[in-house]
1. For each of Val244, Val453, count neighbouring Cβ atoms within 10 Å of the residue's Cβ, then give the residues from fewest to most.
2. Contour minus end-to-end for Leu60 and Thr73, with contour as 0.36 nm per residue of separation and end-to-end as the Cα-Cα distance?
3. List the longest stretch of the chain that has no exposed loop site; here a site is one of the GluC sites (Glu not before Pro) assigned by DSSP to anything other than H, G, I, E or B, with at most 16 other Cβ within 10 Å.
4. Given Ser549, Phe458, Val448, which one lies farthest toward the positive end of the charge dipole of the stretch 436-586, if we put +1 on the Cβ of every Lys and Arg and -1 on the Cβ of every Asp and Glu?
5. Jot down the radius of gyration and Dmax of the stretch 286-351, Cα atoms only, both in angstrom.
6. 222 nm [θ] for the chain, helices only, -39500 (n - 2.57) per DSSP H run of 4+, per residue, to 500?
7. Expressed in nm to one decimal, what extension gain is obtained for the pair Asp175 and Ala95 from 0.36 nm per residue of sequence separation less their Cα-Cα distance?
8. Once label points are set 7 Å from the Cα along Cα→Cβ at both Ile210 and Gln411, what is their separation, rounded to one decimal in nm?
Amino acid sequence: MAEARLLEHVPEKRSVRDVGFAGGIVAILAILFVPIPTFLIDFGLALSIAFSVLILMVALWIQKPLEFSAFPTVLLITTILRLSLSIATTRLILAHGDDGVYAAGHIIQGFSRFVMSGDFVIGIVVFVILVTVNFVVITKGATRIAEVGARFTLDAIPGKQMAIDADLNAGLIDDKEAQRRRRELEEESAFFGSMDGASKFVRGEAIASIIIIAVNIFGGIVIGVTRHGMQLSGAADVFTRLSVGDGLVSQIPALVVSLAAGLLVTKGGTRGPAERAVIGQLGAYPRALFVAAALMFVLAIMPGLPTLPFATLGGVLAFTSYAIPKKLEAQRQADVVKQKAAEQKARDEARNSVKEALKTDEIEISVGKQLASQILRSPAEIANRVGKMRRKFALQYGFVVPEIKVSESLQVPAKSYQIRVHGTAIATQDMRIGELLVVYGEGGKPDVPGEEVREPAFGMKALWIPESYASEVRREGFTPVDNLSVMLTHVSEAVRNNLTQLLSYKDVRTLLDRLDPEYKRLLDEICPAQISYSGLQAVLKALLAERVSIRNLHLILEAIAEVVPHARRAEQIAEHVRMRLAQQICGDLAEGGVLAVLRLGNRWDLAFHQSLKRDAKGDVVEFDIDPRLVEQFAAEASDAIRKRMAETPAFALVTAPEARPYVRMIVERMFPSLPVLSHVEIARGVEIRSLGTVS
């Protein structure tokens, strides 16, 4: 009920205010025609002075010019108020000037006595100077600035409108923010246009003041001599004093308002109060203050010049040049502390929010409590080694893998660690606190006591030994590995096996944005007309799934542009790209310039060839093979591959081009890191060393 009553009274208060404002305007117009007594004249002149000072203070303290967009209207009202008061005082001067200097009120008498120092010639000179300063200096400059500002603002409207529309279409701002910016743009253009015209009010008032004071002087002298029988000298003294006093009373507020207009239009794009803009920028260069202080001291010791004022100013400037850097440094430190506190608060709020709970780290290593006490003792070392690992992946595979978060977790067994990708655990491994791991593979194991295990990264045979046997196994030619190295090696291999999950759409767009302008034009030709950006991402993922680097992205785009008019499936496009990247693939796999290969025998080449079903155009549409043949091939391939792995660590399995994806599909279940190449992916000039066949 109280809110309802409040809402009922709001329109009434607003209407009362509107009526009061309209009544004030009518009263100002009435002064032009209705004679008013001297005490109301004094009140009106005091109101004019107070109103002018208020306008100046507002112009000094506003943040930006648009916050005082009503200034042209206010300027018109104050101008009409001063002119109406000048007409009222003219009426009193001409009608009652024979009564003396109090004929037009005490304020005009006080100004005539205080400013003119008892001599009306001084008053005339001061009045002319004030009019000149107001009319020639302040008003003319402010008018020119407003005119240029209005012109530039109007010329810039189309570009600013397009920028607002672009930000809206890009999703950087919402509809409300776009409407607010458009409204602000309209207000800015209207404000500078109004200021261009409003400055003419001040110029017209200055001209009117000169005319009014001339009319008052000559008309008053004529009326005083002819109507009131005054002496010419007496009439000239009285009416000149009154006229000049009236001119000063009206011209001083006009000068104050003109100064406010000049401050408003010269503010330009500077935000904040005028004192912050002026004093802050003048005091931002201590060396300039120091040079100015040195010049003041030099002038202070010059013969014939007063020492005290120059020395005082020099001391003030020198002290300011010394104090400002300390103040700026203290302010900077306070801002840093405040910013850190705000960031910490934002992090705490984000950590406690429900949305933060839904986020998952792309790569995370969760370490058990006991293992963390050993591994996480040196966070700087972990961060350094993880950074090196990410740089190595970036150089090797052509994109930056996400940051790897290492944290202690109570959900993981105390002596274990867990590797997670997008929140899903892909590997969990137990460790031995205070022991070292010796990897010996298929060779002889060290002659020391220990527990036989499989190394977590590659599944090779290894032995956990106490740290006290480290020097002994080194003498036998083995290299003991600490827990941190074991874990990071495991993480490195896990990242290699999950490159396809780690290449996000954002990463793809980042890679494309770094292309040279020529390849950006090629990209514009094929995307999205022939292949979408998500389709391009699928091709890159298909390459990374077999550990083919995408560092030569320009070659990949050229290969895609060649085949995309004829093939739409990502798998077909990826096979063509692999053929174009043959030199790179063979170069990455070759050891000492020699590529070791294990070929598929004729029997299995024929079996896979007969399993490929084709359409009328000859394209492979289906892979149909007897499951018993798959089991038999897997067994024979596993035996042959394990035998060669014991002899040659790095080699590739080679098969027919059309069967290669399906051979890879079967082999990767047993040997994820074994590369499978087709005959067309063997680059020319590469030396081949055959390890035999799978047959």
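Quick note: the coordinates plus some simple rules give every number you see, no bench work behind them. Since we're looking at a predicted model, the values are computed, not measured. Note: ideal-geometry Cβ built from the backbone for every residue, glycine included; neighbour counts use all protein chains shown.
1. Lowest count first: Val453, Val244.
2. Difference between extended and current length: 2.9 nm.
3. It runs 1-402.
4. Ser549
5. 20.8, 72
6. It comes out at -21500 deg cm²/dmol, rounded to the nearest 500.
7. Length gained between Asp175 and Ala95: 22.4 nm.
8. Result for the modelled spin labels: 8.6 nm.
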